[in-house]
Amino acid sequence: MKEITYAQAICEALDEEMERDENIVLLGEDISFIGGNFKTSVGLLEKYGDMRVKDTPISEAGFVGMGVGMALTGLRPVIELMFSDFLLVAADQVINQAAKIRYMSGGQVNVPMVIRAPIGAGRSSAAQHSQSMQAMVSQFPGLIVVVPSTAQEAKGLLKTAIRDNNPVLFFEHKMEYNKKFLVDDVVEPIPFGKANVVREGKDITIVATSSLVMKSQEAAEKLEKEGISVEVIDLRTIVPLDIDTVVESVKKTGKLIVADEAHERCGVGAEIGFQIMEKAFYYLDAPVGRVNTPNVPLPFSPALEFPIIPSVDRIYKKVVEMVK
Amino acid sequence: MAELIIMPKLGFNMNEGKLVKWYKSEGDAVKKGEPLFSVETDKTNIDIEATCDGYVRKLFIDEGDKLAVTLPIAIVAGKEENIDALIADAYAQLGKEAPAEEPAAVAKESTAEKAAVVTVATAEKGPGRHIATPRARRVAEEMGIDLASADIVGTGFEGGICEKDVLQYAASAPKVRATPLAKKMAESAGVDISSVAGTGVAGKVMKKDVEGALASPEAAAGTTVGELTQDGKEILEKVPYAGVRRIIGERLSSSMFSAPHVFFTQKVNLEKLLELRKQVNESQDKKTSVTDYIAKAVILTLQKYPDINASLVGDTIEKYKSVNLGIAVAAPSGLIVPVIKNSQNMSVVEISEAASDLIEKAREGKLTPDEYSGGTFTISNLGMFGIYQFTAIINPPESGILAVSAAKDEPVVVTNEKGEKEIAIKPMMNITLSVDHRVIDGLLAAQAVAEIKALLEQPVRLFL
């Protein structure tokens with residue numbers, strides 16, 4: 001067990017996988033000399049050389065398209081988008097090409113490509129650099145969508161993403177990069193589609209993604225002191241979705257909150273809430289609640305930005321509203 | 001000719017009226033001058049007559065409902081006349097949506113706020129349907145609880161019944177232990193099994209217990225305990241704190257809490273007054289009561305000390321030339337105070353005539369608001385009940401009230417003709433003046449009560 005930052009955990013996952021498989025190459029803006037905008041590829045240029053760690057121009061459509069071609073020809077590209085917002089620049093390559101090729105070729109070729117992209121608000125990055133794209137991309141069949149919580153989870157899930165033969169969108173939370181976490185000395189790949197019950201409880205279930213897993217745990221600890229027992233589930237992957245774990249939990253608690261930082265409308269909460277309605281209707285003791293970013297662009301001003309970011313306090317209040 | 005009937009404003013201070021009775025139902029023909037409905041104002045019931053001929057087409061409130069004055073309560077119109085616009089207007093005034101169908105008037109059944117939410121919501125969804133979460137329904141079904149008949153108060157989403165409510169209900173509902181045969185027998189005989197005392201193991205109700213209960217229904221009834229309070233007191237009767245009871249309660253508590261009361265008691269020797277009264281009653285037809293003399297004494301005192309015949313109105317102390325004397329009467333519906341208006345120049349006999357007329361009306365509940373409002377001072381006489389002494393709460397907005405107790409023979413020290421003190425037996429009566437200390441100081445009150453005593457002890461002064 002050691003204490004490292006979330007960014008270091010990402011870096012370690014990339015390093016350990018690149019060492020294991022020489023077909024793995026990294027593409028992205030500022031990833032080689034600088035070591036990544038968020039310091040997630042520090043030292044990799046020196047270790048693996050500029051043929052495997054490639055800086056790209058500011059041309060997301062171009063280098064994501066290049067990654068698709070590399071993947072089709074046998075390499076395993078791991079592409080860094082500096083902000084998940086830039087997925088929209090590369091949307092055709094991601095959604096129309098990478099996600100469709102295996103299907104349209106009748107399974108003749110795979111696209112074993114990982115796109116790493118930071119999500120989340122809280123850095124005054126304003127409306128075009130603060131979005132959380134995980135809900136939107138989950139719409140499109142053919143993509144795996146990963147939303148890791150802690151550094152340990154990020155490391156294990158990134159390994160799985162790199163080893164998967166499908167295009168994977170791997171969303172790192174930019175507010176976690178510099179935080180320190182306890183991480184096992186050896187982290188094994190964590191299987192996709194298996195949600196993790198990180199805290200057991202009996203009064204209400206919170207299923208959360210990314211940073212909101214930690215915020216939900218913090219809220220749960222506060223609520224425990226007030227006699228409210230909260231079960232927290234780390235969803236890990238939105239696609240594939242482990243609805244069974246959520247259903248089992250809701251059967252026990254009767255109440256569910258879905259916490260995800262993407263905008264509320266048509267989000268992860270809408271999907272999970274609906275599936276729970278179908279699969280656990282007679283176990284629901286209250287309407288499913290959601291904690292999300294409201295349906296407005298993210299402001300630049302911290303005074304405006306912070307109140308709309310899903311917080312420990314908002315999770316706490318939502319639980320109190322539903323349980324008391 | 002369609003006419004909107006409104007809740008009438010029958011007194012200056014009347015803000016809302018309670019509809020006591022509809023003399024007509026929807027569809028009935030009505031003639032001008034016929035009684036249409038009866039209203040409880042702040043102290044009495046008044047019949048209101050129809051003001052035009054027609055048919056009662058629509059009633060907006062039920063008997064027992066309270067409504068602010070001037071709001072619509074009914075429509076009288078021609079038999080076929082289109083009153084849609086009038087109905088819409090009335091609902092708008094009432095602040096309600098015109099219902100597509102008649103809503104079940106169920107909102108008044110429950111008092112608990114949450115229960116009311118459930119009831120209202122239930123009314124929206126049609127009769128017999130309870131709001132309950134899917135989980136609560138499943139749990140109730142598993143536990144054999146019928147949500148439709150069980151009296152469960154919902155605390156969940158929008159006041160619906162949630163799992164916790166069902167579990168609490170199940171935990172609080174008394175469990176009757178009975179054999180299946182006993183249950184079946186009790187059910188088919190229509191006997192409440194919870195009222196049958198069990199003689200089996202741990203009080204289990206057996207077949208023979210049910211048979212015993214059936215054989216002697218009185219015995220079974222005897223074992224039935226009435227409704228209990230939470231701490232185990234058996235309840236005889238529950239009466240709503242409403243109507244006249246509530247008005248009395250609210251007015252008197254507001255008086256007691258806002259006006260600092262001070263009390264001044266005097267002992268009055270009634271010997272001469274009783275003698276005088278005897279002579280008066282023998283010399284003319286109208287039988288006067290002791291109260292009439294006390295009333296006259298009070299009136300004279302108030303004229304001498306007009307500072308007591310006053311009201312605190314906002315930032316002003318109004319002192320009155322008029323003496324409107326209220327006399328507290330125990331009416332069947334509760335305490336009421338009819339007022340003898342402009343009594344300042346009345347003789348004892350005139351006071352007696354006015355008072356007995358008002359008291360009779362009060363006892364029959366027929367006082368008009370004008371006859372029980374506008375007082376400037378009140379007398380409350382409980383002498384006929386043998387009370388030795390009591391204090392009274394000021395009837396707002398007045399500033400004083402005189403509590404009159406019973407006259408009783410007592411040994412008192414008197415001075416005889418020789419100037420010696422001796423003990424004699426005299427009819428003595430306590431009077432206690434309560435005054436609002438915001439307006440009246442103690443010295444003034446003491447002078448006033450002494451004056452009343454002096455007048456009653458030299459009653460000839462009442463006729464000067």
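The values are calculated or read from the model by the stated rules, or taken from the named source; none is laboratory data. The model shown is predicted, which means the values in this text are computed figures rather than measured ones. Here Cβ is always computed from backbone atoms with ideal geometry, including for glycine, and neighbour counts include all displayed protein chains. SASA here: full protein model, heavy atoms, side chains in, ligands and nucleic acids out. Shrake-Rupley method; radii C 1.70, N 1.55, O 1.52, S 1.80 Å.
When region B:394-418 is limited to residues that are out of contact with any strand residue (DSSP E or B) (no Cβ under 7 Å at 6 or more places or on another chain) and either within 24 Å of B:LYS321 (Cα to Cα) or among the basic types (Lys, Arg) (or both), the one that is least open to solvent (accessible area, probe 1.4 Å) turns out to be B:PRO396. Taking into account only those residues within region B:190-239 that are β-branched (Val, Ile, Thr) and within 16 Å of B:THR179 (Cα to Cα), which is modelled with the lowest pLDDT? Residue satisfying both the conditions and the ranking: B:VAL201. Within region B:255-265, can one find any residue that is part of a helix (DSSP H, G or I), open to solvent by less than 50 Å² (accessible area, probe 1.4 Å) and over 21 Å from B:ARG461 (Cα atoms)? Yes, region B:255-265 contains a residue that is part of a helix (DSSP H, G or I), open to solvent by less than 50 Å² (accessible area, probe 1.4 Å) and over 21 Å from B:ARG461 (Cα atoms).
Residues that are over 16 Å from B:ALA355 (Cα atoms) and aliphatic (A, V, I, L, M) within region B:274-290 comprise B:LEU274, B:LEU276, B:VAL280, listed in sequence order. Residues that are outside any helix (DSSP H, G or I), free of Cβ contacts under 8 Å to residues at least 40 places away in the same chain and within 14 Å of another protein chain (Cβ to nearest Cβ): does region A:288-310 have at least one? Yes, there is a match, as at least one residue in region A:288-310 is outside any helix (DSSP H, G or I), free of Cβ contacts under 8 Å to residues at least 40 places away in the same chain and within 14 Å of another protein chain (Cβ to nearest Cβ). Taking into account only those residues within region A:135-144 that are more than 17 Å from A:VAL89 (Cβ to Cβ) and not small (Gly, Ala, Ser), which is least open to solvent (accessible area, probe 1.4 Å)? Among those residues, the one meeting the criterion is A:ILE144. Among the residues making up region A:240-285, those that are part of a helix (DSSP H, G or I), surrounded by 16 or more Cβ atoms within 10 Å (Cβ to Cβ), more than 14 Å from chain B (Cβ to nearest Cβ) and in contact (Cβ under 8 Å) with a residue 24 or more places away in the chain are A:ILE243, A:THR245, A:VAL246, A:VAL268, A:GLU271, A:ILE272.
Selection of region B:296-308 for residues being farther than 10 Å from B:PHE377 by Cβ and touching a strand residue (DSSP E or B) at 6+ places or on another chain (Cβ under 7 Å) yields B:PRO306, B:ASP307. Picking from A:VAL207, A:VAL187, A:VAL213, which residue would you name as being assigned to a strand (DSSP E or B), in contact with an Asp or Glu (Cβ under 9 Å, 6 or more places away or on another chain) and at pLDDT 95 or above? Selected residue: A:VAL207, the only one of A:VAL207, A:VAL187, A:VAL213 that is assigned to a strand (DSSP E or B), in contact with an Asp or Glu (Cβ under 9 Å, 6 or more places away or on another chain) and at pLDDT 95 or above.
Of all residues in region B:138-196, those satisfying the criterion of being open to solvent by 40 Å² or more (accessible area, probe 1.4 Å), hydroxyl-bearing (Ser, Thr, Tyr) and either part of a loop (DSSP other than H, G, I, E, B) or within 14 Å of another protein chain (Cβ to nearest Cβ) (or both) are B:SER149, B:THR155. Please tell me if A:VAL198 is open to solvent by 20 Å² or more (accessible area, probe 1.4 Å), within 24 Å of A:GLY120 (Cβ to Cβ), in contact with an Asp or Glu (Cβ under 9 Å, 6 or more places away or on another chain) and part of a strand (DSSP E or B). In short, yes. Can you name the number of the only condition in (1) over 30 Å from B:ALA407 (Cα atoms); (2) touching a residue at least 40 places away in the same chain (Cβ under 8 Å) that B:GLU318 fails? All conditions are met except number (2).
Of all residues in region B:58-74, those satisfying the criterion of being under 18 Å from B:PRO35 (Cα atoms) and in contact with an Asp or Glu (Cβ under 7 Å, 6 or more places away or on another chain) are B:LYS58, B:LEU59. Restricting region A:162-184 to residues that are part of a strand (DSSP E or B) and under 17 Å from A:TYR6 (Cβ atoms), the residue that is most open to solvent (accessible area, probe 1.4 Å) is A:LYS180. Per the conditions (1) under 13 Å from A:ILE276 (Cβ atoms); (2) of a type in the set (A, V, I, L, M, F, W, C); (3) open to solvent by less than 10 Å² (accessible area, probe 1.4 Å), the sole criterion not satisfied by A:ALA220 is (1).
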